[in-house]
Amino acid sequence: MLIKREKIVAGNWKMNLDRQKSIALAESIATQHADASSVTIVLCPPNVYIEAVGAAIGIAQGKNASRLALGAQNMHELANGAFTGEVAAAMLVDCGCRYVILGHSERRTLYAETNATVNAKTKAALAAGLTPIVCVGELLEEREAARTDEVVARQITGSLSGLPAADFTRIIVAYEPVWAIGTGRVATPQQAQEVHALIRGLLVTMSSADIAGQVRIVYGGSVKPDNANDLASQPDIDGALVGGASLKAEDFLGIAKAFQ
Ligand code: PEP
């Protein structure tokens with residue numbers, strides 16, 4: 001049976017833009033992205049601008065259930081406590097977030113996040129009602145040493161271990177080869193499809209064929225409007241996680257359109 005998965009395109013703004021530019025970008029996207037679109041767009045601004053961006057896209061008017069939603073770039077795995085500078089899942093929900101990016105390669109490499117950390121965060125996000133976007137992906141030297149499958153398999157099994165099978169339908173996996181992030185060097189559609197198929201196979205063993213068939217697996221790494229169509233044509237690529245190109249409404253919407 002052919003399963004039609006709803007496409008999703010998330011913009012990871014990272015530590016960019018100021019309040020005014022964040023609001024202007026969000027407003028521009030909100031006015032151009034139709035509620036009737038088949039693609040869900042998720043905006044992930046810096047935490048301090050989440051509510052301002054939420055207001056700009058009409059979250060308070062109940063628009064958060066629509067095709068335009070808010071996400072965060074990270075969260076802590078615990079609910080509260082003495083963790084200076086951190087933010088908990090329930091706080092993100094309180095600010096209007098429906099999604100959270102977890103285990104981004106920058107978190108893994110710059111902040112030493114392990115698969116165990118990502119696993120704890122994934123469970124906490126789900127418990128709070130957030131949809132985690134769990135990132136995995138190999139380094140260039142790992143790809144060159146033909147270790148991509150082994151590395152991605154370890155990240156998937158480690159980051160998603162212990163989840164009840166039904167919870168797999170509530171997560172999104174982002175395959176982001178580290179060598180493609182912010183480098184302008186996008187994976188070929190075939191390279192991406194191969195890894196997405198591998199991930200789906202792993203999800204089958206961790207849940208069931210039926211459940212794994214429902215999981216959205218998005219690609220990230222130098223996605224631009226001019227390469228998005230080819231990526232979108234692959235059977236296991238269900239959307240994109242976009243960094244640089246998410247900072248320009250025209251480019252970001254162009255990518256979303258490719259997944260329509
Ligand atoms: C990212 O950081 O998740 C990302 C995909 O960045 P870029 O699109 O700039 O490669």
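Here are the numbers for the structure shown:
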read-out: Residue check, CYS97 in contact with a Leu (Cβ under 6 Å, 6 or more places away or on another chain) and either within 16 Å of the ligand (Cβ to nearest atom) or farther than 22 Å from GLY254 by Cβ (or both); value: yes
read-out: Residue within region 243-250 that is more than 13 Å from the ligand (Cβ to nearest atom) and crowded, with 18+ Cβ neighbours inside 10 Å present; value: yes
read-out: Criterion: within 16 Å of the ligand (Cβ to nearest atom) and farther than 24 Å from CYS44 by Cβ - qualifying residue of PRO189, PRO225; value: PRO189
read-out: Which listed residue, of ILE50, ILE59, ILE8, ILE3, is under 17 Å from the mean Cα position of the chain (by Cα) and more than 19 Å from ASP251 (Cα to Cα); value: ILE50
read-out: Residues located in region 6-63, provided they are touching a Gly at 6+ places or on another chain (Cβ under 8 Å) and among the basic types (Lys, Arg); value: LYS7, LYS14
read-out: Where ILE211 falls short, out of the listed (1) assigned to a helix (DSSP H, G or I); (2) out of contact with any Phe, Trp or Tyr (no Cβ under 8 Å at 6 or more places or on another chain); (3) more than 23 Å from ALA34 (Cα to Cα); value: (2)
read-out: Failed item in (1) at negative phi; (2) under 16 Å from the mean Cα position of the chain (by Cα), with LYS14 passing the rest; value: (1)
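Computed from the coordinates by the stated procedures, all read-outs in this text should not be read as laboratory data. As the structure is a prediction and not an experimental result, all values here were calculated from the model. Every residue, glycine as well, gets a Cβ built from its backbone with ideal geometry; the counts of neighbours run over all protein chains shown.
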